[in-house]
Each structure stands twice: as structure tokens, then as C-alpha cells.
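The values are calculated or read from the model by the stated rules, or taken from the named source; none is laboratory data. This structure is a prediction, so every number in the text was calculated from the model and none was measured. In this analysis, Cβ positions are derived from the backbone assuming ideal geometry, glycine residues included, and neighbour counts consider all displayed protein chains. These accessible areas exclude ligands, DNA and RNA; they are computed on the full protein's heavy atoms, side chains included. Shrake-Rupley method; radii C 1.70, N 1.55, O 1.52, S 1.80 Å.
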Amino acid sequence: MDRKEFKIELDRHKNQIDASIKFLQEGFENLNKRNYEFYEFIESNYFDLEERLSKLERKFQDLS
């Protein structure tokens, strides 16, 4: 393999590595976004359920 072929192969591998790194970065960004959205959903539903439970407990105490 001469220098020109070596440089072509080296550039090809570099481009593959750069593309792989970009793909992984995008994957991690998407994962972080989905995790944030999931925890936001859980948190909002938790407080809604907690509020509903408190209302039911108050109604039960009022009936007693």
C-alpha cells in the first residue's frame, strides 16, 4: 500500500469514526430527553395522585 492509498484508507476510517461518534452523541441526547420527559410525567402524575388521595382522605374523615 503506498502513501496515497494509506491516506485514503486513513481518511475513510476517520470519517467512519466521526460518524459513529456523532451517532452516539445524538443517541445520548435523545435518551436524556426521553428520561427527562419520563420523570416529568411521573412527577406530575405523582402529585396528581397524591392530591386525589388527600381529597379522598378528607372526605372519609368528614363522613366519620
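Here the 3J(HN,Hα) profile of the stretch 15-28, calculated from phi with Karplus coefficients 6.51, -1.76 and 1.60 at θ = phi - 60°, is 5, 5, 5, 4, 5, 5, 4, 4, 4, 5, 4, 5, x, 5 Hz, Gly and Pro shown as x.
Based on DSSP H segments of at least four residues, each scored -39500 (n - 2.57), the chain has a per-residue ellipticity at 222 nm of -36000 deg cm²/dmol. Remark: the chain carries 104 Å² of accessible area per residue (probe radius 1.4 Å; ligands, DNA and RNA excluded). I'd like the carbon and sulfur percentage of the solvent accessible area for the chain, probe radius 1.4 Å, heavy atoms only, ligands and nucleic acids excluded. Accessible surface attributable to carbon and sulfur in the chain totals 59 percent. The phi-based Karplus calculation (6.51 cos²θ - 1.76 cosθ + 1.60; θ = phi - 60°) puts the 3J(HN,Hα) values of the stretch 46-61 at 4, 5, 5, 5, 4, 5, 4, 4, 4, 4, 5, 5, 5, 4, 5, 5 Hz, whole numbers, x for Gly and Pro. Candidate cross-link partners of residue 33 among the lysines, defined by an alpha-carbon separation under 21 Å and a same-chain spacing of 8 or more, comprise 22.
Modelled this way, with points 7 Å down the Cα-to-C-beta line, the labels at residue 48 and residue 36 are 2.1 nm from one another.
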